[in-house]
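Taking it in order: structure first as structure tokens, then the write-up.
The values are calculated or read from the model by the stated rules, or taken from the named source; none is laboratory data. The structure displayed is predicted, hence computed values, not measured ones. Methodologically, a virtual Cβ is constructed for each residue, glycine included, from the backbone with ideal geometry; neighbour enumeration extends over all protein chains shown.
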Amino acid sequence: MLLLVGPVWGQSPLAKDAPAPAAPNALRIVFRTDPPEAMVYDGERALGLSGQEVGIDFPEGHTDNTEHVFRFEKPGYESATRVLRQYALRAGRVFPPPGQKPIQLKKIRSTWGWWVAGAALIALLWGAWTAWRAPKKLRTVEAIGENSSLGGYALTKRLGAGATFEVFLGIRLSGDEAEVAVKVLHAHGAKERARFARQARILAGLRHPGIARFLDWGQDREALFMVEELADGGNLRERMAGMKFPDFMKTFGEVAEAISHAHEQGVIHRDLKPENILLTADGAVKVSDFGLAALVEDEDGTRGVGTPLYMAPEIMAGGAATPASDQYALGVMAYQMLSGKPPHEGATVAEIMRRRGEAPAPLRGVSPQVQAVVMRMLAPEPSARFASVREAISSLRAAALQ
């Protein structure tokens, strides 16, 4: 790691001793690096790529003299570190400022002598071992399947597929040889590659026990892939039938907490449905498939995407996704978990939209207070729903005690 030492940028003798006024809670800034598009970290939190605006949180209680340790990483280069004070970050929207040199990342270079020979031997052994573990050589996306290899992972079993990807049980071919879930994007163009990279950046910044942990992503020849923690207990769809109320409260509460965390990080899921709620063997929730996810402040213009049965009315009408539209999808799942069927069914999108004009049938076997919370989450108008998913789950828990 390349550590850039010296005085903290922006510090002066006067500023050091001056009282620090209260800092704002957030700031957007562009970091400049050479080479560009390095991943930027604030501590352990991934913010995004250099050359693009990233959001920096200023926790309550911090002052203008509070220091932030930023790390810049890019494959093939040594990482660089900068220590900046909050008041210096607010001095401009670009760092380093125009006219100054970008943050330099030193390229990792090969050395001569026995190091080269040793590296060549390791590469030879690695290639032979990988070929032994995965005899089918991957050439194109169509060649991917069971018993093939992809970017350092052996694909041993096909687990399922989504609209844009296939999922395989994978084994890491180095280190602990852990089992993981490997998602492989279907045939793709420039737009799909950009969206895939965007999803990886979103997932890299989400850390929550209820969200499937992002581990790795990359490209192997024509194939784009993403690696997540493996949840081996199936999905919510497979466990919804006959779910008892205490199990509903536990499972739905974990889903809502995970989505609340995503919203608080500025991320909208946009495709919440039972198939995307994975479960571990002991029943713990792992929300997955942020393939349609959007940043709240970075809406990409995509409209009307998702699964019709769980799409909010405003999305089906062509509106933009918001945290309230995720809340509606959660309301559909809550209704379905409690009644065994969704609030509005239909064989076509047009039929579902027509039935959205009708009030859902009352829920049976639950208190009026619980029913009122679920129905509010299903309100046709976003403004009539709860202010946030966190408020919704808090209200549901209070209603369950009445």
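A few points about this structure:
- Meets criteria (more than 30 Å from the chain's Cα centre (by Cα) and assigned by TED's automatic domain parsing to the domain that holds Val332) for Ala379: no
- Of everything listed in (1) within 21 Å of Lys183 (Cα to Cα); (2) surrounded by fewer than 16 Cβ atoms within 10 Å (Cβ to Cβ), the single unmet condition for Ile277 is (2).
- A Cβ distance below 9 Å, combined with a sequence gap of six or more or placement on separate chains, defines the contacts here; from region 187-214, residues that are part of a strand (DSSP E or B) reach residues that are charged (D, E, K, R) in the pairs Ile211/Lys286; Phe214/Arg207; Phe214/Glu228; Phe214/Glu229.
- Flag if Leu272 is of a type in the set (A, V, I, L, M, F, W, C), buried (at least 22 other Cβ atoms within 10 Å of the Cβ) and either in contact (Cβ under 8 Å) with a residue 24 or more places away in the chain or over 27 Å from Ala399 (Cα atoms) (or both): yes
- Checked against the criterion of being small (Gly, Ala, Ser), within 25 Å of Arg193 (Cα to Cα) and either at pLDDT below 95 or touching a Ser or Thr at 6+ places or on another chain (Cβ under 7 Å) (or both), the candidates Gly301, Gly234, Gly242 yield just one match: Gly301.
- In region 239-296, the qualifying residues are those that are in a helix (DSSP H, G or I) and either assigned by TED's automatic domain parsing to the domain that holds Ala46 or of a type in the set (Lys, Arg) (or both), and the one that is farthest from Leu309 (Cα to Cα) is Lys250.
- Among the residues of region 218-269, those identified as crowded, with 21+ Cβ neighbours inside 10 Å and aromatic (Phe, Trp, Tyr) are Phe225, Phe252.
Residues are listed down the side, and each one gets a yes or a no for (1) surrounded by fewer than 16 Cβ atoms within 10 Å (Cβ to Cβ); (2) farther than 19 Å from Leu47 by Cα; (3) modelled with pLDDT under 75; (4) touching a strand residue (DSSP E or B) at 6+ places or on another chain (Cβ under 6 Å):
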position	(1), (2), (3), (4)
Ser174	yes, yes, no, no
Glu177	yes, yes, yes, yes
Val180	no, yes, no, yes
His188	no, yes, yes, no
Ala200	no, no, no, yes
Leu203	no, no, no, yes
His208	no, no, no, no
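- Every residue from region 356-395 that is under 23 Å from Gly242 (Cβ atoms) and of a type in the set (Ser, Thr, Tyr): Ser367
- Given (1) part of a helix (DSSP H, G or I); (2) without any contact (Cβ under 8 Å) to a residue 60 or more places away in the chain, number of the condition Met337 does not satisfy: (2)
- Filtered by the rule that a residue be in contact with a Phe, Trp or Tyr (Cβ under 7 Å, 6 or more places away or on another chain) and among the basic types (Lys, Arg), region 33-86 gives Arg71, Arg82.
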